[in-house]
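Here the structure comes first, spelled out in structure tokens, and everything after it is commentary.
The values are calculated or read from the model by the stated rules, or taken from the named source; none is laboratory data. Every value quoted in this text rests on a predicted model; they were computed, and no experiment measured them. Please note: Cβ atoms are built from the backbone with ideal geometry, for glycine as well, and neighbour counts cover all protein chains shown. Ligands, DNA and RNA are excluded from the accessible area calculation, which covers all protein heavy atoms including side chains. Shrake-Rupley method; radii C 1.70, N 1.55, O 1.52, S 1.80 Å.
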Amino acid sequence: SEIVQMWNLPPSKEGYWLACGYTDTSQQLVRKLPAMTAICEVILDREVSFPDGRPLIRRVRCRAR
């Protein structure tokens, strides 16, 4: 079973960045989203979570309108 979270991003001169952190490390993967990005959707797994309670992210998709 999944949980879907969606964000509508207003236009921004600075743009938007996506950062992913990894459990039990200080590592992060960071990337600037394309300028036309207006919607980001995250699919979470309702059945699986990390020991600290955070849900497992199955998929992230960001796109233009």
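Considering only residues of segment 32-54 that are over 11 Å from Q5 (Cα atoms) and among the aliphatic types (A, V, I, L, M), which is most open to solvent (accessible area, probe 1.4 Å)? Looking at residues that are over 11 Å from Q5 (Cα atoms) and among the aliphatic types (A, V, I, L, M), I get M36.
Of all residue pairs spaced 6 or more apart or on separate chains, those with beta-carbon atoms under 7 Å, a first member in segment 3-25 that is within 15 Å of A38 (Cβ to Cβ) and a second member that is among the small types (G, A, S) and open to solvent by 60 Å² or more (accessible area, probe 1.4 Å) are G15/A35.
Figure legend. Inter-residue proximity from segment 53-64: first residues more than 13 Å from I43 (Cα to Cα), second residues open to solvent by less than 50 Å² (accessible area, probe 1.4 Å) and outside any loop (DSSP other than H, G, I, E, B), beta-carbon distance below 6 Å, spacing 6+ or different chains. Indicated pairs: R63/I39.
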